[in-house]
1. Considering only segment 127-159, state which residues are within 14 Å of the chain's Cα centre (by Cα), open to solvent by less than 10 Å² (accessible area, probe 1.4 Å) and among the small types (G, A, S).
2. Please work out if S86 is touching a Phe, Trp or Tyr at 6+ places or on another chain (Cβ under 9 Å) and among the small types (G, A, S).
3. Being small (G, A, S) and either out of contact with any helix residue (DSSP H, G or I) (no Cβ under 6 Å at 6 or more places or on another chain) or under 28 Å from E180 (Cβ atoms) (or both) narrows it down to one of G102, G41, so name that one.
4. Which residues, counting only those in segment 65-118, are open to solvent by 50 Å² or more (accessible area, probe 1.4 Å) and closer than 21 Å to V175 by Cβ?
5. Are there any pairs with C-beta distances below 9 angstrom linking a residue in segment 173-192 that is open to solvent by less than 60 Å² (accessible area, probe 1.4 Å) to a residue that is not in a helix (DSSP H, G or I), with the two at least 6 apart or on different chains, and if so which?
6. Pairs only if they're at least six apart or on different chains, beta carbon under 6 angstrom, first in segment 72-87 and touching a residue at least 60 places away in the same chain (Cβ under 8 Å), second among the polar types (S, T, N, Q) and not in a helix (DSSP H, G or I); list them, first residue then second.
Amino acid sequence: MPAPNKPGSWSSALAVYSHPRVLGMMFLGFSAGLPLSLGFGNLITWLTEIRIPIAVVGMFTWISLTYALKVFLAPIVEMVNIPVLSRLLGHRRSWIMVAQIGVAIGIYGLSSINPHLHLLWFAWFGLLLAFFGAIQDIVIDAYRIEVVSSDYQAAMASTYLFGYRFALVISGAGVLLISEFTSWNTAYFSMAILMLVNIITTLVIKEPETRAARKSMPV
């Protein structure tokens, strides 16, 4: 991999952001940021607006604990191969793909349910969204570290955060705006469609040439 231009001018400093993997990290950041508001903030707002009892709404905050469990999920993600997909896409991309599909299913499931009629199923899809969102965070962080040399890590972190914050705006204020003029179900369905962009990104980017941990085992 060629080294970035030597520092000394604005053009050489900005040239690093033209690297394909640096640009790809912006889309992965968007993918990582999308589930956050959908699984927590806006989900609570949705349930509160349709007058689900406050005690029940409070129970949905437990879903956020899935992100606290990343420390236990990370070794599994590191060591376990996904059948077929790991051979086709590589270890990191296969896990990113599985996580993105899980997030998309979770968002679509929430968009297709009336919480008044099927609140338990609504909770399960919310948990699915948060669980795979946490896994996605783990794998994208590992991918970012391994896919480029240390010279590019600052740019990778910057583009990741840009995509992440942009996703928070879309899944936060964007969903509220859409729900105001249509419905919550339509707003969440539109976010499920956006996940297709993230899945396409995973198909386009390249697998890291080396992995920090070389030992792995079948699922």
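1. A130, G133, A134
2. Working: touching a Phe, Trp or Tyr at 6+ places or on another chain (Cβ under 9 Å): yes; among the small types (G, A, S): yes.
It is true that S86 is touching a Phe, Trp or Tyr at 6+ places or on another chain (Cβ under 9 Å) and among the small types (G, A, S).
3. Working: G102 fails: either out of contact with any helix residue (DSSP H, G or I) (no Cβ under 6 Å at 6 or more places or on another chain) or under 28 Å from E180 (Cβ atoms) (or both).
Going through G102, G41 in turn, just one is small (G, A, S) and either out of contact with any helix residue (DSSP H, G or I) (no Cβ under 6 Å at 6 or more places or on another chain) or under 28 Å from E180 (Cβ atoms) (or both): G41.
4. Those that are open to solvent by 50 Å² or more (accessible area, probe 1.4 Å) and closer than 21 Å to V175 by Cβ: I101, I105, Y108, S112, N114, H116, H118.
5. Pairs found: W184/I50; W184/P115; N185/S112; N185/I113; N185/N114; Y188/S112; S190/T182.
6. M79/S216; N81/S216
The values are calculated or read from the model by the stated rules, or taken from the named source; none is laboratory data. Keep in mind the model is a prediction, meaning the values are calculated, not measured. Every residue, glycine as well, gets a Cβ built from its backbone with ideal geometry; the counts of neighbours run over all protein chains shown. When the accessible area is computed, the model is the full protein with side chains, heavy atoms only, and any ligands, DNA or RNA have been set aside. Shrake-Rupley method; radii C 1.70, N 1.55, O 1.52, S 1.80 Å.
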